[in-house]
Amino acid sequence: MSAASTDPLIDVELTAISTAADDTKLYELRRTDGQPMPPVEPGAHIDIYLPSGLIRQYSLTSAEGITDRYVIGVKKDAASRGGSREMHDTLKVGMRLKIGGPRNNFELDAAAPHTVLFAGGIGVTPIWAMVQRLAATNKSWKLYFSSRNRSQAAFLDGLSAHGSKVTLHFDDEAQGKFLDMAAAVASAPEGTHFYCCGPTPMLEAFQEATAKVPVENVHLEYFTSTQEAATEGGYTVVLKESGKEFYVPEGKTILDVLLDAKIPISHSCTMGICGSCETVVLEGIPDHRDDFLTPKEKEANKTIMICCSGSLSPKLVLDL
């Protein structure tokens, strides 16, 4: 997985807003200078810098090869921290924004002999981009899409056009039964790569269903953190470039302390899911609390997400 992009922000204009499903809108963004957008692969996301100052990440639905625009899908979340509400309630066609990225923490393995995709609710956004890529390249694939009901299912017409390759599950039509992910995984041929994007309960069921699958064949993307941030404190962070030392007290994260000290740090989600604040560790043992690094990457202790992770050692030296 790559660290946050160091490329400059891109000035864009919001050129179209359309409805994809109940409470879900599609936002079309084009560069104000008329230049092509950076190329993307399925699963990529961008940072949106909102007028309020909030920075939020949204997956790209754009089909591969389309470089004149980006399209993101945003569902208005009743439990929103402000981002989706602002997108739905205040953004208008013609407004100018800044975006960062793209980054891809959810890459599609195009060489896989067979691909099984699971999407829940608005989690279909990056999965839809994958479907377009797999279909266009005549790959072997299967999608299981779960939604509360049909009216809240985005891209339903496009997905239904793929016939038996797509299995739809609607909670209000299933008599209380959940999608049987274990059976879907068990029926897949050897060598299959599995992908899942959706709410936390779905991701937990997916991890349980794929527990015996080789880790390199299992891919998932989170919307929210599954762990509490490390705020126990009691250690010192050293910045290698300046030699400055900062004590992290109880109740604070590393990011909190550095921002309080006016240290410029790339960050965005503050939940350990986007990768924006990934920082190289030169000395010490991180207390990983993110959902971005793989288990092997966490074991290697080469990087840390300073927005949510802490330190298991008295001192942590960072490449900052």
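The values are calculated or read from the model by the stated rules, or taken from the named source; none is laboratory data. As the structure is a prediction and not an experimental result, all values here were calculated from the model. Backbone-built Cβ (ideal geometry, glycine too); neighbour counts: all protein chains shown. Ligands, DNA and RNA are stripped out before the accessible areas are found, and what is left, the full protein with its side chains, is counted by its heavy atoms. Shrake-Rupley method; radii C 1.70, N 1.55, O 1.52, S 1.80 Å.
Here are a few things to note about the model shown:
- Candidates G163, G43, G100, ranked by Gaussian network fluctuation over the chain, Cα under 10 Å, top entry: G163
- Among the trypsin sites (Lys or Arg not before Pro) in the stretch 39-97, those placed in a DSSP loop whose Cβ has at most 11 other Cβ atoms within 10 Å are K92.
- In this structure the stretch 1-101 gives 47 Å² per residue of accessible area when probed at 1.4 Å with all protein chains present.
- Under a 5 Å amide H cut-off, with hydrogens placed 1.01 Å from N, Y144 pairs with L117, F118, A119, T167 among residues at least 5 apart or on other chains.
- For the stretch 29-35, the Karplus equation 6.51 cos²θ - 1.76 cosθ + 1.60, evaluated at θ = phi - 60°, returns couplings of 10, 10, 5, 6, 8, x, 7 Hz by residue, with Gly and Pro reported as x.
- Using the Cα coordinates of the stretch 28-184, the gyration tensor eigenvalues translate into equivalent-ellipsoid semi-axes of 28, 21, 12 Å, sorted from longest to shortest.
- For the chain, the longest site-free run once GluC sites (Glu not before Pro) in DSSP loop states with at most 10 other Cβ atoms within 10 Å are removed: 1-189
- Longest to shortest principal axis, alpha-carbon extents of the stretch 63-143, angstrom: 44, 30, 19
- Protein heavy-atom surface of the chain, 1.4 angstrom probe: 51% of the accessible area is carbon and sulfur, with nucleic acids and ligands not counted.
- Summing charges over all other residues whose Cβ lies under 15 Å from the Cβ of A21, with Lys and Arg as +1 and Asp and Glu as -1, gives -1.
- Kirkwood-based shape ratio for the stretch 1-114, expressed as Rg/Rh from alpha carbons: 0.96
- Dipole magnitude (debye, nearest 20) for the stretch 164-314, charges at Cβ of Lys, Arg, Asp, Glu: 340 debye
- With 10 Å bins from 0: P(r) over the chain, alpha-carbon pairs, percent: 6, 25, 32, 25, 11, 2, 0
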